[in-house]
Amino acid sequence: MIDSFRLNGRRALITGSVRGIGLALARGLAQAGAQVVLNGRDAERAQGACALLRDEGLDADYSVFDVTDHGAVATAIDALELRLGPLDILINNAGLQHRQALQDVSADDWHRLMSTNLDGVFNVSKAVARHMITRRNGKIINIGSVQSELARRSIAPYAASKGAVRMLTRGMCADWAGLGLQINALAPGYFQTELNQALVNDPAFCEWLLQRTPAGRWGNVEELCGAAVFLASSASNFVNGQTLFVDGGLTSVV
Ligand code: NDP
């Protein structure tokens, strides 16, 4: 590996990383040399995921907090920096889906989704960036989606949240690039995780997806790691405010 892609000596916090894409990204960053800090809302699940990575010989720790809780996030980040040392990399990955026709979505479900997918990115980024800014150094990667660019029937709140994540990424770039931070978004296509279980179980959707995706298949979560390592490493030091789609070509082709 070219040296500028190595993450040795760096510490990375990945929110929502006890399973799925977050866990895969944590594993990828750890394999590139980083110490990774896993996160979720459940201590047992976080501990289990951490043990899994340690069993693979990787340098992993964990911190339990809910990204929707502004105060709890700030306390957890300050405690992490004291306990482990500086956070060099943040991946805002925690997110959820809600599938329902927009006219039937309750206000509670709307706010639950927005507070995780959008407020969560603000809460954790603000808490981490305040430390990064004092050091004039840091990488933030926000997990978007093909829905950062394209809407789809029955997931309008999700698309609104992921579109906002793309613009928040640009906003962070506007405010923080001059302070030494690089902030980019990574936008996955379709990957088989718990979040997508309803789609995985739907043969008509699977058939549509294979035909609609130029690569003709679902993504494997490991295939997000190269882009994440790039955006987390010094190889991307002049890349800022961008959204990198890893989607088998889906957003490039009608
Ligand atoms: P999963 O549902 O498999 O995992 C979600 C993770 O987020 C879990 O670790 C969960 O842990 C954690 N989480 C949920 N809410 C919170 C919260 N409030 N605070 C802290 N952690 C939380 O999802 P995926 O891996 O599929 O998705 C991860 C990200 O990737 C999301 O942002 C999603 O929108 C995005 N994405 C996914 C795609 C896919 O194809 N799967 C495509 C495009 C984007 P716990 O429940 O223990 O708290």
task = Report, in degrees rounded to the nearest 10, the 0 to 90 angle that the Cα long axis of helix 20-31 makes with the longest principal axis of the chain.
result = 40 degrees
request  = Any chance you could look up the accessible area of Glu44 with a 1.4 Å probe, heavy atoms only, rounded to 10 Å²?
outcome  = 150 Å²
task = Determine the dipole magnitude for the chain: charges of +1 sit on the beta-carbon of Lys and Arg, -1 on that of Asp and Glu, nothing else is charged, the reference point is the Cα centre, and the result goes in debye to the nearest 20.
result = 540 debye
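In percent, how large is the relative contact order of the stretch 19-175, given Cα pairs closer than 8 Å and 6 or more residues apart?
Working: 207 pairs, mean separation 32.4, N = 157.
Relative contact order, the stretch 19-175: 21 percent.
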ask   = Between Arg41, Arg27, Arg166, which gets the highest mean-square fluctuation from a Gaussian network model of the chain, Cα cutoff 10 Å?
value = Arg41
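Using a 1.4 angstrom probe, figure out how much accessible area the chain has per residue, in square angstrom, rounded to the nearest whole.
Numbers: 11560 Å² over 254 residues.
I get 46 Å² per residue for this part.
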note = Most fluctuating of Asn93, Asn201, Asn39 in the GNM of the chain (C-alpha, under 10 Å) is Asn201
ask   = From the phi of every residue in the stretch 44-59, what ³J(HN,Hα) in whole Hz does the Karplus formula 6.51 cos²θ - 1.76 cosθ + 1.60 yield, where θ is phi - 60° and glycine or proline is x?
value = 5, 5, 5, 5, x, 5, 5, 4, 4, 5, 4, 4, 8, x, 9, 8
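Provide the FRET efficiency to the nearest 0.05 for the Ser154-Val254 pair, computing r from the beta carbons and using R0 = 22 Å.
Values: r = 21 Å, r/R0 = 0.94.
Result of the calculation: an efficiency of 0.60.
Of the peptides 94-105, 183-194, how do they stack up when ordered by the mean number of other Cβ atoms within 10 Å, highest first? Present the calculation step by step, with values, prior to reporting the outcome.
Values: 94-105: 15.0, 183-194: 22.2.
Highest-to-lowest ranking by the protection proxy: 183-194, 94-105.
Given only helices, namely DSSP H runs of n ≥ 4 each adding -39500 (n - 2.57), what is the per-residue ellipticity at 222 nm of the chain, to the nearest 500 deg cm²/dmol? It would help to have the intermediate numbers written out before the result.
Details: 9 runs with 106 residues, N = 254.
That comes out to -13000 deg cm²/dmol.
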note = Once His131, His70 are ranked on solvent-accessible area with the largest value leading and a 1.4 Å probe, the list reads His70, His131
remark   = Connecting every pair of Cα atoms under 10 Å apart in the chain and solving the GNM, the largest mean-square fluctuation among Cys50, Cys206, Cys225 falls on Cys206
task = Pop out the carbon and sulfur fraction of the accessible area of the stretch 137-254 as a percent, whole number, probe 1.4 Å.
result = 54 percent
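The values are calculated or read from the model by the stated rules, or taken from the named source; none is laboratory data. Owing to the predicted nature of the structure, the values given are computational and were not obtained by experimental measurement. Note that each Cβ is placed from the backbone with ideal geometry, even for glycine, and that neighbours are counted across all protein chains shown. Side chains are part of the model used for accessible areas, which takes the heavy atoms of the whole protein and leaves out ligands, DNA and RNA. Shrake-Rupley method; radii C 1.70, N 1.55, O 1.52, S 1.80 Å.
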